[in-house]
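Working notes, structure below.
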Amino acid sequence: MMMAKAQAYAQKAAQAAKVLATLSTAQKNQVLKAMAQKLRQQHQPILKANETDMANGRDKGLSEAMLDRLLLTGPRIDAMADAIDFIAGLEDPVGKLRPVETRPNGLRIEKMRIPLGVVCMIYEARPNVTADAGALCLKSGNGVILRGGREALQSSLAIAAVLQQALVENGVPAEAITVVDDPDRELLLALLKQTDHIDLVIPRGGEGLIRFVTEQSRIPVIQHFKGVCHLYVDKDADLDKAFDILINGKTQRTGVCNALEGLLVHQDVAPAFLPRVAKAFADKGVRVHGDPASCVYFDKAEPMGDDDYGQEYLALEIAVRQVADFEGAIAHIDRFGSQHTEVIVTENAQAAADFQRRVDAAVVMANASSRFSDGGELGLGAEIGISTSKLHAYGPMGLEALTTEKFVVTGVGQVRE
């Protein structure tokens, strides 16, 4: 029964994707603008559905970080609409030709951007994914199947109902944005076997969810297990810049994957920098774990062993460590980073360049907050996910990451000898 239900979802989404592939850029943008307008006009049914999800989430004891991700407000719905409008204004990658070469026999070889087909999004308490993924997949010509967790189900269904109104009114099948209304795990497992109709699976959520999907899927999966992001304060850092970047990265919004989870400080600047950090953390209620040399600067800091780093706290909590030199920072990040986002603060241009070249992460920043590691902030529009694996995308995924390339060969009658 579940296999048949999953197959029906996948087949209908694939049929809708074929319609999307025929739309011009102008037609897709028209649909997107209609989706954004309807979101702004229909706050109430979405907020009402979200109230149900929030109440259920509290009853189930969801963490504050999860509840923050789940919560919708008028401004957050408007922000979803703004993101869709932004996507409508982005250059359409579909159909773009990239010259490769002209062969000696006169064949002109090019590559053309084309949609992937059908994308299956699997996520937890993130109802905004419904709008973000729906808009990005539509603009890139892909159908999308959205399978949210029980926590966000009513919110996701309400958002999708609004988006589907815009689809149908503009002649696009509602199944182009499909929300799975049954959170049964057996149905999820069946969806992960629909290799004939689903081309890519993108899970967004906790590490457990992503590992489960990766292990169970027969379809390629974009992986992003966790965001253990570090800030390294170099010996040549401007400490005012470093302080502002640290406080923003750690405390602006804690329950997100681009928040800072580790602070590395060159031992030469630690005496000048860490007392100031300690006062700010105390004022903001940040819980500190650290090596013995760092703990002396903080009241109630919890000592850490050499093997205890690499935690994703998603809370007002951070690991602090002093390093003897630049190489020590690199070694720590190599061992404990999650290939998400890493930051250096330094006025030494060579050190910044070396850090950006050598650190193995999807986003490597110099003198900027980790909170900018986000599709919208990097100019991609609303991201569909962040990949910390390197095939076929690495880092925040926007429109182009939802396409692939095919060879387009043009001749004048050549035949192979």
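The values are calculated or read from the model by the stated rules, or taken from the named source; none is laboratory data. Keep in mind it's a predicted model, so treat the numbers as computed, not measured. So basically every Cβ, Gly included, is an ideal-geometry build from the backbone, and we count neighbours across all protein chains shown. Quick note on the areas: whole protein, heavy atoms, side chains included, nothing else; ligands and nucleic acids left out. Shrake-Rupley method; radii C 1.70, N 1.55, O 1.52, S 1.80 Å.
Taking 0.36 nm per residue of separation and subtracting the Cα-Cα distance, full extension of the segment from Glu207 to Val409 would add 68.4 nm. For the stretch 162-304, the carbon plus sulfur part of the accessible surface works out to 45%, probe radius 1.4 Å. A Förster distance of 56 Å, applied to the separation of the beta-carbon atoms of Asp306 and Glu91, puts the FRET efficiency at 0.70.
Think of it as helices only: each DSSP H run of n ≥ 4 in the chain is worth -39500 (n - 2.57), and spread over all residues that comes to -13000 deg cm²/dmol at 222 nm.
Tell me, what % of the accessible area of the stretch 1-121 is carbon and sulfur with a 1.4 angstrom probe? Walk me through the intermediate numbers first.
Values: 3480 of 6440 Å².
C and S atoms contribute 54 percent here.
Enter the angle in degrees (range 0 to 90, nearest 10) between the Cα long axis of helix 349-358 and the first principal axis of the Cα atoms of the chain, meaning the one along which they spread out most. In the chain, helix 349-358 runs at an angle near 50 degrees to the longest axis. Length gained on full extension, Ser389 to Gln27: 127.0 nm, using 0.36 nm per residue less the C-alpha separation. Among the trypsin sites (Lys or Arg not before Pro) found in the stretch 1-95, those both in a DSSP coil and sparsely packed, with 14 or fewer other Cβ atoms within 10 Å of their Cβ, are Lys60. Which whole number in µm²/s is D for the stretch 246-307 by Stokes-Einstein, with the Kirkwood Rh taken over Cα pairs at 4 °C and 1.567 mPa s? The Stokes-Einstein estimate is 105 µm²/s.
The HN-Hα couplings worked out from phi for the stretch 326-342 by the Karplus form 6.51 cos²θ - 1.76 cosθ + 1.60 (θ = phi - 60°) are 4, 4, x, 5, 4, 4, 4, 5, 4, 7, 10, x, 10, 6, 9, 9, 9 Hz, whole numbers, x standing for Gly and Pro.
Placing unit charges on each Cβ (+1 for Lys and Arg, -1 for Asp and Glu) gives the chain a dipole about its Cα centre, and among Cys257, Val144, Val286 the Cα reaching farthest toward its positive end belongs to Val144.
Convex hull volume per residue, computed on the Cα atoms of the chain, equals 173 Å³. A 1.4 Å probe over all protein chains sorts Thr410, Thr130 by accessible area into Thr410, Thr130, starting with the largest. Among beta bridges identified by DSSP and lying wholly in the chain, the antiparallel ones come to about 30 percent. Below 8 Å between Cα atoms, with a sequence gap of 6+, how large is the relative contact order for the chain in percent? Normalised by residue count, the contact order of the chain is 19 percent. The reciprocal of the average 1/r between distinct C-alpha atoms defines the Kirkwood hydrodynamic radius, which for the stretch 142-195 equals 11.9 Å. Go ahead and collect, in residue order, the members of the stretch 341-380 whose backbone nitrogen is under 12 Å from a label point 7 Å along the Cα-Cβ direction of Asp334. Answer for the stretch 341-380: 358-360.
Ligands, DNA and RNA are left out, and with a 1.4 angstrom probe the accessible area of the stretch 169-229 is 40 Å² per residue. Across the stretch 47-70, the residues whose backbone nitrogen lies under 16 Å from the label position 7 Å along the beta-carbon direction of Leu316 are 64-66, 68. Residues considered: Leu107, Leu380, Leu200. Largest GNM mean-square fluctuation over the chain, using C-alpha springs under 10 Å, is found at Leu107. Using a 1.4 Å probe, what is the accessible area per residue for the stretch 16-82, in Å²? I get 52 Å² per residue for this part.
Projecting the Cα positions of Gly171, Leu97, Val129 onto the charge dipole of the stretch 95-207 (unit charges on Cβ atoms of Lys, Arg, Asp and Glu, taken about the Cα centre) puts Leu97 furthest along the positive direction.
What is the Cα radius of gyration of the stretch 1-131 over 2.2 N^0.38 Å, N being its residue count?
1.45
Take the Cα of Arg150, go 7 Å toward its beta carbon, and the backbone nitrogen atoms of the stretch 116-130 under 17 Å from that spot belong to 123-126. Using the Karplus relation 6.51 cos²θ - 1.76 cosθ + 1.60 with θ = phi - 60°, the per-residue 3J(HN,Hα) values for the stretch 206-214 come to x, 4, x, 4, 5, 5, 4, 5, 4 Hz, with x marking Gly and Pro. Placing +1 on the Cβ of every Lys and Arg and -1 on the Cβ of every Asp and Glu, with nothing else charged, gives the stretch 101-251 a dipole about its Cα centre of roughly 380 debye. The charge dipole of the chain, taken about its Cα centre with unit charges on the Cβ atoms of Lys, Arg (+1), Asp and Glu (-1) only, comes to about 1500 debye. Charged neighbours of Val180, selected by a Cβ distance under 13 Å, balance to 0 (K, R count +1; D, E count -1).
Fully extending the segment from Asn56 to Gln252 would add 67.9 nm, taking 0.36 nm per residue of separation and subtracting the current Cα-Cα distance. Between amide H atoms placed 1.01 Å from N, distances below 5 Å from Gly290 occur with Glu302, Met304, Val320, all of them 5 or more places distant or on a separate chain. For the stretch 270-361, compute Rh as the Kirkwood radius over C-alpha pairs and then the Stokes-Einstein diffusion coefficient at 10 °C and 1.306 mPa s; write the answer in µm²/s, rounded to an integer. This corresponds to a translational diffusion coefficient of 111 µm²/s.
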